[in-house]
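A short write-up of the structure that comes next.
The values are calculated or read from the model by the stated rules, or taken from the named source; none is laboratory data. A quick note: this is a predicted structure, and the numbers were derived from the prediction, not measured. FYI the Cβ positions are ideal-geometry reconstructions off the backbone, even for glycines, and counts take in every protein chain you see.
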Amino acid sequence: MATFIFGGSFNPVHLGHIEPLLALQQRYQIPNIELLPNAVSPFKIDQKSIADEHRLAMLEIAIHNTQGLSINTHEIKATGISYTYETILALKEHTEELFFIMGMDSLLSFNKWKESGQILNNCSLVVLPRPDQHHTTFPLLPEDLKHRLAYDFDINNAYAVGKIYIVETPLLPISSSQIRADIKKGNTQIKYIDPSVLNYIHKHHLYA
């Protein structure tokens, strides 16, 4: 069975993370998608984060009533900077087929990722673009990534190595940084976040 991974800092997790995954799962009949919180992103070394236990607790709350989403703690347990290629190599020891889910913004910076070639040698990417990114973003991709693009993702026939599958899913106009900013400002009407997650944030005085 193929393994599907969606990595991120989830600081905090919000509906913009969860709902596209559920849509992807339903559309392609994916049995399970693993959410992979990183310990320290190499692109966010200077960004202040909260304790791993809080991010994990919020993830558990966010997926509590969902089927087919689970949490993979590999990177948090490993501690230190989370390099995706190292995670992919470790996960490939336990699965033959691996798909790494990401947004288009991540794909645009993909060639800056450490050992990005190693990643594509061991898995395929499933990219979820925003509707406004099709005509403006794809021309910006490096040529070595353009030739890997595919638009015909099928869980039963997809290549598990070297492909970049572009998949349409509904995306929400929200980010973790916006939620953190709203909380810091004392805003009480915060959209696109599970109320139980928001209650947890307030209870533990996170991001204030």
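The residues listed here are S176, S124; of these, the one that is modelled with pLDDT of 90 or more, buried (at least 17 other Cβ atoms within 10 Å of the Cβ) and more than 18 Å from I61 (Cβ to Cβ) is S124.
Taken across the stretch 134-157, residues that are closer than 28 Å to V13 by Cα, in a helix (DSSP H, G or I), of a type in the set (S, T, N, Q) and modelled with pLDDT under 90 do occur, with at least one present.
Among residues of the stretch 105-124 that are on the phi > 0 side of the Ramachandran plot, those with a beta-carbon under 8 Å from a residue that is surrounded by 17 or more Cβ atoms within 10 Å (Cβ to Cβ) and of a type outside the set (A, V, I, L, M, F, W, C) at least six positions away or on a different chain give the pairs E115/Y83; E115/Y85.
Within the stretch 62-73, count every residue that is buried (at least 19 other Cβ atoms within 10 Å of the Cβ) and in contact with a helix residue (DSSP H, G or I) (Cβ under 6 Å, 6 or more places away or on another chain).
Filtering the stretch 62-73 down to residues buried (at least 19 other Cβ atoms within 10 Å of the Cβ) leaves 62-63, 69.
From what is left, the residues that are in contact with a helix residue (DSSP H, G or I) (Cβ under 6 Å, 6 or more places away or on another chain) are 62.
Number satisfying all stated conditions: 1.
Considering (1) modelled with pLDDT of 95 or more; (2) surrounded by fewer than 20 Cβ atoms within 10 Å (Cβ to Cβ); (3) within 13 Å of S176 (Cβ to Cβ), the lone condition that K48 does not fulfil carries the number (1). Among the residues of the stretch 97-108, is any of a type outside the set (A, V, I, L, M, F, W, C) and farther than 18 Å from E34 by Cβ? Checked against the condition, which is being of a type outside the set (A, V, I, L, M, F, W, C) and farther than 18 Å from E34 by Cβ, the stretch 97-108 yields at least one hit. None of Y159, Y200, Y192 is among the aromatic types (F, W, Y), farther than 24 Å from S82 by Cβ and surrounded by 15 or more Cβ atoms within 10 Å (Cβ to Cβ) except Y192.
Could you grab me the full set of residues in the stretch 161-187 that are part of a loop (DSSP other than H, G, I, E, B) and out of contact with any Ser or Thr (no Cβ under 7 Å at 6 or more places or on another chain)? Those that are part of a loop (DSSP other than H, G, I, E, B) and out of contact with any Ser or Thr (no Cβ under 7 Å at 6 or more places or on another chain): V167, E168, T169, P170, L171, L172, P173, I174, S175, K185, G186, N187. Scanning the stretch 44-97 for residues that are under 16 Å from the mean Cα position of the chain (by Cα) and among the β-branched types (V, I, T) yields I63, I71, T73, I76, T84, T87, I88. Answer yes or no as to whether I183 is in contact with a helix residue (DSSP H, G or I) (Cβ under 7 Å, 6 or more places away or on another chain) and either surrounded by 18 or more Cβ atoms within 10 Å (Cβ to Cβ) or of a type outside the set (G, A, S) (or both). Yes. Would you please name the residue that is surrounded by the most Cβ atoms within 10 Å (Cβ to Cβ), looking only at residues in the stretch 127-154 that are basic (K, R) and without any contact (Cβ under 8 Å) to a residue 40 or more places away in the chain? Once the filter is applied, the top-ranked residue is R148.
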